[in-house]
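Below: one structure, written as structure tokens.
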Amino acid sequence: MNHVVLLLVFVVPVVCCYSSGQVMDSCEDMRPHHSGFTPQTEPAPFTVTTDNNRYKHGEVVKVKLQAPASKPFIGFLLQAREVGGLSPVGSFTLMTGSAQLLTCSQKLNSAVSHRSKSMKTIIQVTWKTEVTADVKSIQFYASFVQNFRTFWVDITSPRLTFTNDSTGGSTSPPTTPSKTSPTTTKTQTSTTTVHEPSLSAETVSSTDCGITKVCFSQPSNCDPTVSNDCYFMSARILSSSDVTVRFEMKGSSDGYISFGFSDDQMMGNDDIYICGIGNNGLVQLQHAYSTGRKAPQILPLGNVSDIKTSVEGRVISCSFISRNTISTLKTTGFNKTYHLLFAHGPSNNGQIKFHIATFVSVDKVDISIPRLVRKAGWPHIIKAHGTLMLIAWMTTGSLGMMVARYRNGFAKGKKLWGKDIWFLVHVAVMSVTVASTVIAFILSFSYAKAWSGGAHPVLGCLVMIFSIIQTMLALLRCGPQHSLRFLFNWTHALNGVVIKALSVAAILTGLKLIDSSLDQWLMKVMGGFVGWEVLFFILLNVTLKWFHRKDNLESKMTTAEVLLFALFFLGNLAFLVALLVGIGMS
């Protein structure tokens, strides 16, 4: 009991101290000293904004801390620091009763904190620099506490640069948000979190690609200002002395786009930047280290400035200046060569999910040398997967289904080894179809070793499952004279139609992943392929019904169907060859 009393005696003053905002012991590291708990690594829902992006001696800058109504904070600590510095500069003046002034580093009124543990969604204060201060760029640093366990540190405002012109910084665009309609582009300047909209966001374009900057895109050489389906990144060296680089990226996504630097053409141990939609609907920039098949490790944003982000519809855009050193597992520094990676995928409440598509440079690139970077082609194992699936379900599978459907006109009454010839042909081509499907399935998953690619792997798995079911049904079928044979016939036929529909959808989604042409040529050829099969299905049905009415024209019926079969098969081969050539060139 004595121990409990002593514990309460020492703990209660600490708790009261935190709730009252007297947190001078946090002045240096800006961290709430909540024993046993560490700062959150996920993006913060809070923002730090100013009414200007410049300042001069004697000028007052308004600073605002803001939170969404659904996620208020109870505690905070705010300071102004030189960019890269650790000590507070300038002094604050209060504009609200929910805050109080603190003395940090023996500088009066150099920090602001909360007065109580009441819920807060907005805090506004003003700041002014010392007259004798050095003229350096500054940023406002803040920590936010949601509860004892949940808190964020090092949330920063946009950088403020010093000016001594007569108009001060008033001519610069303010960083306070402007009200827009739901269809207007959302744009904001940000660092480690989402910040207020900036009115000076630059357009990400392919201008000067290969002249002053390195550019990497999918489809190759596309222009992000022209096509919403263009995935694009660029790097331009602004200063070679301190290695300052402006990066741009743009692409269509429901969650995020990202690019990175890698020692090889595989995900893992990569230095990456992610531009994603946060849980408040705005876009934020993150610096991270890819660990491969797991979620990337989020890093401090580091020496990054002039961040401009936007989202319009599904198109996400980011540009920023970085002085961070590129660092992968085996290579560190600029003037080194790296493979460029680009990935995009969905997100949930600001948390990125596994990418649905990626592309990588064919060779290593030194971003200090302007050039157009070529995208690496798909691995041979994936091309083999696509080839086998096309052969299986757009050639042999189609032929096998046609033979079974229109068997009355195919070698009617002729047998081989005691079986109808149509049946032997059907079994042979469908066996090839199932075998090709199984091999293609194994090839794709042996390469990917993970679930990626959006709807394509789901459809592929369904094709595989229904193919196995179809094979089992065929092996366990009852005899032709059995009273329940009609159940097998209907089930076998319907399952075949389902597999055909799923296979067409799987092939279309697979071709979309690898089609790098600007006009989506592979997709158009596949569309023609499907149309060709539908046309002949209609022609064969019409032919079958027409000639079945006239028994005396049975010989002509057989000839007409054989000719249609031959034309159908030749057309299928032509489309197949075109698609295989396209896959080989992708």
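The values are calculated or read from the model by the stated rules, or taken from the named source; none is laboratory data. These figures come from a predicted structure and were not determined experimentally. All Cβ positions, glycine included, derive from the backbone under ideal geometry; neighbour counts span all protein chains shown.
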TODO: Report yes if some residue within region 105-119 is under 37 Å from the mean Cα position of the chain (by Cα) and on the phi < 0 side of the Ramachandran plot; otherwise report no.
DONE: yes
Task: Selected residue (only one of Phe73, Phe92 is assigned by TED's automatic domain parsing to the domain that holds Arg149, of a type in the set (Phe, Trp, Tyr) and within 36 Å of the chain's Cα centre (by Cα)) - done: Phe73
Open item on the list: Which condition from (1) at pLDDT below 80; (2) over 30 Å from Asp254 (Cβ atoms) is the one that Ala455 breaks?
Closed with: (2)
Open item on the list: Taking the criterion of being in contact with a strand residue (DSSP E or B) (Cβ under 7 Å, 6 or more places away or on another chain), of a type in the set (Gly, Ala, Ser) and farther than 28 Å from Ser205 by Cβ, would at least one residue in region 263-272 satisfy it?
Closed with: yes
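If you check Phe529 against the conditions, is it modelled with pLDDT under 75 and part of a helix (DSSP H, G or I)?
Numbers: modelled with pLDDT under 75: no; part of a helix (DSSP H, G or I): yes.
Judged against the criteria, Phe529 is not a match.
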Task: Residues (crowded, with 20+ Cβ neighbours inside 10 Å, among the aromatic types (Phe, Trp, Tyr) and assigned to a loop (DSSP other than H, G, I, E, B)) located in region 26-68 - done: Phe46
Task: Options Thr332, Thr328, Thr358: the member that is without any contact (Cβ under 8 Å) to a residue 24 or more places away in the chain and either buried (at least 18 other Cβ atoms within 10 Å of the Cβ) or under 22 Å from Asn303 (Cα atoms) (or both) - done: Thr332
Task: Qualifying positions in region 118-137 - buried (at least 17 other Cβ atoms within 10 Å of the Cβ) and within 18 Å of Leu65 (Cβ to Cβ) - done: Lys120, Ile123, Val125, Trp127, Lys128
TODO: Find the residue count for region 69-95, including only residues that are in a loop (DSSP other than H, G, I, E, B) and under 22 Å from Ile138 (Cβ atoms).
DONE: 8
TODO: Enumerate the strands (runs of 3 or more DSSP E) found wholly within region 138-229, keeping only those where 3 or more residues are surrounded by 14 or more Cβ atoms within 10 Å (Cβ to Cβ) and either in contact with a His (Cβ under 6 Å, 6 or more places away or on another chain) or modelled with pLDDT of 85 or more (or both).
DONE: 138-145, 151-156, 214-218
Task: Test for Leu101: is it out of contact with any Ser or Thr (no Cβ under 7 Å at 6 or more places or on another chain) and over 22 Å from Asn53 (Cβ atoms) - done: yes
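Among Arg81, Arg54, which is under 24 Å from Gln286 (Cβ atoms), of a type outside the set (Ser, Thr, Tyr) and modelled with pLDDT of 85 or more?
Arg81
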- [ ] Taking the options Leu462, Leu494, name whichever one is under 38 Å from the mean Cα position of the chain (by Cα), closer than 30 Å to Met266 by Cα, of a type outside the set (D, E, K, R) and modelled with pLDDT of 80 or more.
- [x] Leu462
Task: Of all residues making up region 37-51, the number that are modelled with pLDDT of 85 or more and aromatic (Phe, Trp, Tyr) - done: 1
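Conditions tested, residue by residue: (1) over 18 Å from Phe162 (Cα atoms); (2) in contact with a strand residue (DSSP E or B) (Cβ under 7 Å, 6 or more places away or on another chain).
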position	(1), (2)
Lys71	yes, no
Ile74	yes, yes
Glu82	no, yes
Pro88	no, yes
Ser91	no, yes
Gly97	yes, no
Gln100	yes, yes
Asn109	yes, yes
Ser113	yes, yes
Open item on the list: I'd like to verify a number: residues in region 458-511 that are farther than 21 Å from Val534 by Cβ and surrounded by 11 or more Cβ atoms within 10 Å (Cβ to Cβ), how many?
Closed with: 22
- [ ] Provide a single number: the residues in region 241-289 that are over 17 Å from His339 (Cβ atoms), outside any loop (DSSP other than H, G, I, E, B) and among the hydroxyl-bearing types (Ser, Thr, Tyr).
- [x] 3
